[in-house]
Each structure stands twice: as structure tokens, then as C-alpha cells.
Amino acid sequence: MSAKIDPTQLSSYLSYVTPSPTSPWGTYLSQVDRVIPYLGHLGKWAETLKRPKRALIVDVPIEMDDGSVRHFEGFRVQHNLSRGPGKGGVRYHPDVTLEEVMALSAWMTVKCAAVNLPYGGAKGGIRVDPKQLSLKELEKMTRRYTSEIGIIIGPQRDIPAPDVNTNGQIMAWMMDTYSQNTGATATGVVTGKPIHLGGSLGRVKATGRGVFVTGREAARRLGLSLDGARVAVQGFGNVGGSAAELFAQAGAKIVAAQDHTGTIYNDKGLDLAELVPYVKQVGGVGGFKGAEAMDGESFWDVQAEILIPAALEGVISAERARRIKAKLVLEGANGPTVPEADDILRDRGVLVVPDVICNAGGVTVSYFEWVQDFSSFFWTEDEINVRLDKIMVDALRRIWDTADLHKITLRTATFAVACERILIAREERGLYP
């Protein structure tokens, strides 16, 4: 006999998703539930956080190079716009789902508020393996997708950016398509663009830089010296690769790296001067001669003081959390740790710097790019980095003070700081009509 649902609680359930405890949306909902006790009178608005404001599903048909027509699923979700226009990336991946994009948009809402940017959270994606498309097919798909979601994006409505498997070229196509459809060049409709089209210096490595800055501050709190510290990095793209380079410059040893092409290990430290060009050339770390190959699951057993999961969500399961040797986990990816694993790491004394502050460097420099586009005045890379470091350090300090005050984890503290800002905005704006 199935359990009965209280009719008064039906409005708490979204009919179009079925989250599990370890799914992205289920993980996000669990994180919201944990922060509600710290919201005081604002808790009455907490249900706002559990519902995306707007979710758009689009069909993306294109004619392939061989003359056939294929259809792809596209999504754009605007989770919350109380603090400003939507902001969030677009990912191209065969596992993209509405539920995943909802969770990513919600984490963007929290992330923007955590570093006090005047944005709400949004996210987009297409269910596709872009490696199976030619460059022309990729352009056609991007332009059709942009046209389909054009009804809800715009420089002051919702500003996409690069994410998994998207880059500056794809942002250029999106910007051009939106501009053609509206009849005026709108550089501010996307961020992460090429420099010649209004992009910002420092944007490509900004997320990895944010991971390093928050990691450096966290290590200082732990009394952990970066000089000689061993680091393991999962995902060696813009985020993981950039963070690895900065940690190596600070004296750390990158002993292990993993991505979709393989897992490599060198206890003396990987030579990044050779590895970074290698990854750019072949597309991944697999087969790199300056290290030994190891099976993927062994990555979680590597002896290292710092672990940087910078690939996809949900990779740190409860079972893996029990095996991690690191003292410090820096979440370069969005949602890499499931709630049960979070509890295990806390109980084991492992400090986790959560995604919603750790990887906020990317959206912070996207904000800088957006501001520069509006003013048509551009800053130097040094100015960008100084501004980024200050915002990240100040935000982390506020979060750490909140964690110390309530004796809670950095993740719950980040949600407490961010959700307070979001719900104050919601309350002050009121409900219309």
C-alpha cells in the first residue's frame, strides 16, 4: 500500500521532476533545508528557493552536413531574479537534463548572492555530445538554440556564459545571433566572449583563480603550508588546469590528475610546463608520458593534502568520502559532493570549501565583463585580478565568520549568507499583484 501524501503539502512538490537524494536537484533541496533554521523570519519565504521562476524547454532542429535533420533538447532555467538579471552558463553534454539545469541555476542564484553580485541565477544546456558534431553543425545548433531562448535572454534579463563544453567561440555565435535578431549589436548579452568582441581579460582563468584564492585562504586557516603540499585535481580544463598552475606557482605539487581521457599520477609532482600544452594538444591528460597511468577509481585513494574536484556534479559519493585522504577539498565543479558525503567529510574533519563560493571567480569576472561592455571602458588584467581577489577574500571572510558564529559548515554558512540576501530582496520587492 502506497503512503498517502498530505493534500496540504501537494504544493511543495514539483510535478515535472523526480529528485533523488543524490540527484543534483535533490542535493540542492537538501542544502536549502539545512539552512532554513538560520534564516529567522525570512524562513517564511524559503519555498521561493525551492522553485525555479521560469523553465524553458526548446526543440533545436538542425540540418546536418549529410543532409539529414536532427533534433536536440535545449533548456534555459531562470531560478531566481530577485536581485537582478539571470546569470549562468550554457553546457553541451549528452547527460544534460531539465533537473540538472534547474539545480545548476539554483546554485548560481546562491553563488551570485554569496559574492554579492547584482544577479539572479540561471543556467542553460543542450543534450548533445558536441564532439560528434562538425564545426558547422555546432554553429548551426548554437545559433538555433540562441534564437529559441531569445525570448527570455538579454543584457538586462538573462546573460549566458560558457560552461561544460562551451567556450568563447560559442559565446560569439550566441552574441551575434541575438544581435541579428534584435537589430543591434548587444555585446552584453553573453559573457566569456573573445576579447575582440567585448570579452574581458582574465575571464578564461577566472574560475580556477577563484579556486586558488579561496584554497589559499582556507589553507592559511588550517595552518597548511602550500609549499610542498600535494594536490590532486579531477578535471583538467579551464578550471582544474588553471587552479593547478596557480597552486604549482605557490610551491605545491600536483601529484594526480584525472579527466574523461584517463587518470595519471606522479608522487614527485607533474611537470605542468609539459602537461598543460599536452592537454591543449590532445584534449586530456590520458597518455601523458611524464606520469604513470592508474585506474580511475584509485584517484580517490591518492595521498594528497588538497583535493580539487573540478569536473561534474555528484562525483564524491559517501563511499568515496570515506576514502579521501585530503585535509582540504576545494569544489571547482558545481555540486560535486552529495549530502551524505558532506556529512562524512565533516565528521572526518575534512574542510570542504563549497562550490557556491569556491568557484565563484568565473561569475565575478563575468560581472566585470558585463560592466565593461555597458561602459565601453575596459580594465587591465592586473586590475581584474586585484578586484577579483578582493571580492573573493571579503566574501569568504564573511562566510567564515557566519560559520564560526553558528558552528556550522562552510557550505551551510555560504547558503545562510546568500539566502539571507536573496530573501531580503524577495521580501522588500513583495509579491505582484
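The values are calculated or read from the model by the stated rules, or taken from the named source; none is laboratory data. Since this is a predicted model, take the numbers as computed values, not measurements. Positions of Cβ are generated from backbone atoms using ideal geometry, with glycine treated the same way; all protein chains shown enter the neighbour counts. These accessible areas exclude ligands, DNA and RNA; they are computed on the full protein's heavy atoms, side chains included. Shrake-Rupley method; radii C 1.70, N 1.55, O 1.52, S 1.80 Å.
Results, tabulated for the structure shown:
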item	result
Nearby aspartates and glutamates by direct alpha-carbon distance to LYS123 (threshold 19 angstrom, same-chain neighbours under 8 apart not counted)	ASP59, GLU73, ASP95, GLU99, GLU100, GLU148, ASP158, ASP163, GLU313, GLU331, ASP355, GLU369
Residues whose placed amide H lies under 5 Å from that of LYS253, excluding near-sequence neighbours	GLY228, ALA229, ARG230, VAL231
The stretch 195-253 - percent relative contact order, Cα under 8 Å, separation 6 or more	42
The stretch 244-259 - phi-based ³J(HN,Hα) in whole Hz, Karplus 6.51/-1.76/1.60, Gly and Pro as x	4, 4, 5, 5, 5, 5, 7, x, 6, 10, 7, 8, 8, 9, 9, 8
Model label zone, ASP394; criterion: amide N under 12 Å from point 7 Å along Cα-to-beta-carbon; scope the stretch 116-131	116-117
The stretch 52-159: GluC sites (Glu not before Pro) falling in loop per DSSP and having at most 15 other Cβ within 10 Å	none
Global form of the chain, assessed from the alpha-carbon gyration tensor, a/c cut-off 1.5	rounded
Which listed pairs, of LYS280/LYS390; LYS136/LYS193; LYS205/LYS390; LYS268/LYS289, have C-alpha distances above 24 Å, in listed order	LYS280/LYS390
Distant-in-sequence amide H partners of VAL90 (H built 1.01 Å from N, under 5 Å)	GLY124, ALA161, ASP163
The stretch 108-171 shape via C-alpha gyration tensor axes, a/c threshold 1.5	prolate
Peptides ranked, highest mean first, by Cβ atoms within 10 Å: ranges 80-87, 291-298, 158-165, 405-412	158-165, 80-87, 405-412, 291-298
Percent RCO, i.e. relative contact order, over the stretch 137-185, from Cα pairs under 8 Å lying at least 6 residues apart	44
Accessible-area composition of the stretch 69-159, carbon plus sulfur, in percent [1.4 Å probe]	48
Ellipticity estimate at 222 nm from DSSP helix runs (n ≥ 4, -39,500 (n - 2.57)) divided over the chain, nearest 500	-13000 deg cm²/dmol
Normalised contact order of the stretch 70-184, rounded percent, pairs of Cα under 8 Å and 6 or more residues apart	33
Three-way shape call for the stretch 285-433 based on the alpha-carbon gyration tensor, with the a/c threshold at 1.5	oblate
Built amide H within the under 5 Å cut-off of GLY237, gap 5+	none
